[in-house]
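Each remark here refers to the structure printed beneath this line.
Just so it is clear, none of the values below were taken in a lab; they were calculated from the coordinates. Owing to the predicted nature of the structure, the values given are computational and were not obtained by experimental measurement. A quick note on method: Cβ atoms are made from the backbone with ideal geometry, for glycine too, and the neighbour counts reach across all protein chains shown.
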Amino acid sequence: MPSSEQLAQLILSGITQGSIYALIALGFVTIYNVTGVINFSQGEFAVIGAFVAITLSQKVLLWHGQMTASLEWPLPVAALIGVAAAVLIGVLLYRLGIQPSRNASPLSQIVVTIGASIALRGLVLLAWGTDPYRLTPFTEGPPFDLMGAILTRQSVWVMGLTVVFVVSLFLFFKYTLIGKALRASSANPGAARLMGINPQWMGLIAFALSAGLSALAGIVVAPVTFMTFDRGLMLSLKGFVAMIMGGLTDPVGAVVGGLILGVVESLAAGLISSGYRDAFTFAILVVVLLVRLGGFIKGRKGEALERAGL
Amino acid sequence: MLKVDGISTFYGHIRALNHVSLDVNDGEIVTLIGANGAGKTTLLNTISGMLHPKNGDVVFDSKKISRMRAEQIVRLGMSHVPERRQVFGSLTVLENLTLGAYCRVSRDGWKAIYQDIEKVFGLFAILEKRKEQLAGTLSGGEQQMLAVARGLMAKPKLMLLDEPSLGLAPLIVQEIFRIITELRKSGTTILLVEQNARAALRVADRGYVLENGHVVMSGKAAELTADEQLQKAYLGGRSNGKG
Ligand SMILES: Nc1ncnc2c1ncn2[C@@H]1O[C@H](COP(=O)(O)OP(=O)(O)O)[C@@H](O)[C@H]1O
Ligand SMILES: [Mg+2]
């Protein structure tokens, strides 16, 4: 039997990791609700945001050591630029990949996002190589002691900032005109057009917003776990699983799903074996897919047809 | 105000509208009557830019709009209240109304929009009571009122109403038609699509009858009401009136 300290420890690190899944899942849900696309580049935005922020804020070797970047800009500035870079890529992905294929089937659009994620991973590999990078923790200092478990300062940052980001996003959707327009466009795209809401503009905003959110997630977690060029794939898959666990279209569900996924993983790794960390995620994925996927793609199509008939 | 000139609209290879022409003049209520599947909704969607005609022109306020997209056309002062209400179910009544004015926010500012929401509440008292409620939880009649109110929030010169009485109880239908008459008094021009021909002709100035994508008859409302053929086809009995 594990001690209660050990359990508390596993749960805490699970919540830390789960916060990141939650943010990425929120990005998935935002894009899915507005455009009907499941964007598998979501994790790539997190990697790019983190790599840009790391490169601008501390000494790093680039191009296999042929170049040293030592800008050492303040972290908030570096983070902002990292987010901006991800947003730009999100916008380009929408303009060049999603918007032109908007009349194609949802499946083809998913393939476009998978293609984009492979291309982006390649770009990151070219620039930063295969080395792991780690961002310096946001604040120095000893960890906290919580019921016998260790809570690092960066974990506090991760959880705190996740709360801030999630709450800001909800306030944005609830109280701004653009936020309301985004919700209207996802509730009924045809009727939204009749209000003067341009669906392409909404799609662009959804991609920009989700890319930025993922980049923030990547940046806050970069001091906790090493960033490598290929982390994006796992982050995407986990965000996707969290999204499905939360019911696909429900932002609150996505956040809860992400947190649960993080905790389940952490418990599986700590109590059974670290090899089981991802196995559990994919067991959940397989079960959920078997139960739901067949249903939801059809469901979406039916709705779309009904909407087109306006 | 609106001139539809010989338009044909297709769904793939299927022709839903065949050389349809009609006019709506300033301040009029014009009704479009026709059985289920005649092409009424297709015509409204073609006018409002949700669909594009293959041939022919739509001219609104002396601008050619047949190639424009719906989200641009609403900015010119045309508001389309679609069939089956299409309110934003997961948004509150107030949010629905706010979005009705989406196209005006930069032009008119929030103050004017809040005043208009108050005005709309004057016309639809029930919506004020329900303003914080999700639109999806309203009754069918309330949703229809919301759909019309949301359309009004765009401050349209011309309103397209697609079967506002569809599936509603007789008392609510009366209420909807009362509001249509009030709108006309306030100077809004209306193109009203109805299967409920009798009620539509009662409030309208003129009417067009659509059959299989063709205009087969048109004229003053009183003339159409008196027309024998039309009486047989559309005004026969109550059940026929519902189509
Ligand atoms: N989305 C669509 N795809 C294909 N055919 C359609 C579509 N919508 C309507 N139609 C067809 O076009 C014709 C006119 O339909 P519609 O404009 O909805 O008629 P109404 O509003 O008068 O009932 C019908 O034959 C209908 O089956
Ligand atoms: Mg119809």
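Remarks
- Axis angle, to the nearest 10 degrees, between helix A:4-35 and the longest C-alpha principal axis of chain A: 30 degrees.
- Secondary structure note: in the protein assembly as shown, about 60% of the DSSP beta bridges are antiparallel.
- For q = 0.10, 0.16, 0.17 Å⁻¹, Debye-computed log10 I/I(0) when each Cα of the stretch A:18-232 counts as one equal scatterer: -0.46, -1.05, -1.14
- Of all DSSP bridge pairs formed entirely within chain B, close to 55 percent run antiparallel.
- Peptide B:103-112 has a mean shielding of 1, counted as Cβ atoms of other protein chains within 10 Å of each residue's Cβ.
- Per residue of A:180-191, other chain Cβ atoms within 10 Å of the residue Cβ number 6 on average.
- Taking each residue as 0.36 nm, the span from A:Ser3 to A:Val164 lengthens on full extension beyond its C-alpha to C-alpha distance by 54.7 nm.
- Partner lysines for B:Lys131 [C-alpha distance under 17 Å; skip if fewer than 8 residues away on the same chain]: A:Lys174, A:Lys180, B:Lys119
- Relative contact order, whole percent, for chain A stands at 36, derived from Cα pairs under 8 Å and 6 or more residues apart.
- Over the protein assembly as shown, the fraction of Cα-Cα pairs per 20 Å bin, rounded to whole percents and listed from the shortest bin up, is 20, 43, 26, 10, 1.
- Expected 222 nm ellipticity per residue - DSSP helices of 4 or more, -39500 (n - 2.57), all of chain A, to 500: -23000 deg cm²/dmol
- Judged by the mean number of other Cβ atoms found within 10 Å, the most tightly packed of the peptides A:68-75, A:158-165, A:230-237, B:42-49 leads the ranking B:42-49, A:230-237, A:158-165, A:68-75.
- Counting Cβ atoms of other protein chains within 10 Å of each Cβ in B:196-204 and taking the mean gives 0.
- Whichever aspartates and glutamates have a C-alpha closer than 19 Å to that of B:Lys129, once near sequence neighbours (fewer than 8 apart) are set aside: B:Glu95, B:Asp116, B:Glu118, B:Glu142, B:Glu175
- Spatially proximal lysines relative to B:Lys54 (Cα-Cα < 25 Å; intrachain offsets below 8 disregarded): B:Lys3, B:Lys40, B:Lys63, B:Lys64
- Each of the peptides A:132-143, B:15-26, B:80-91 was scored by the mean count of other Cβ atoms within 10 Å over its residues; in descending order, highest first, they stand as B:80-91, B:15-26, A:132-143.
- Cα gyration tensor category, rounded, prolate or oblate, for the stretch A:111-258 with a/c compared to 1.5: oblate
- Charge dipole of the stretch A:18-232 (Cα centre as origin; +1 on each Lys and Arg Cβ, -1 on each Asp and Glu Cβ, all else neutral): 640 debye, rounded to the nearest 20.
- Simple spin-label estimate for B:Glu182 and A:Tyr175 in nanometres, 7 Å along Cα-Cβ: 3.3 nm
- Unit charges on C-beta of K, R, D, E only; dipole of the protein assembly as shown, Debye: 860 debye
- Extent of chain B along its three principal axes (Cα atoms, max minus min coordinate, largest first): 48, 39, 33 Å.
- Separation in nanometres of the label points that stand 7 Å from Cα toward Cβ, at A:Gln66 and A:Arg102: 4.1 nm
- The slack in the chain from A:Val111 to A:Leu233, taken as 0.36 nm per residue of separation less the alpha-carbon distance, amounts to 42.5 nm.
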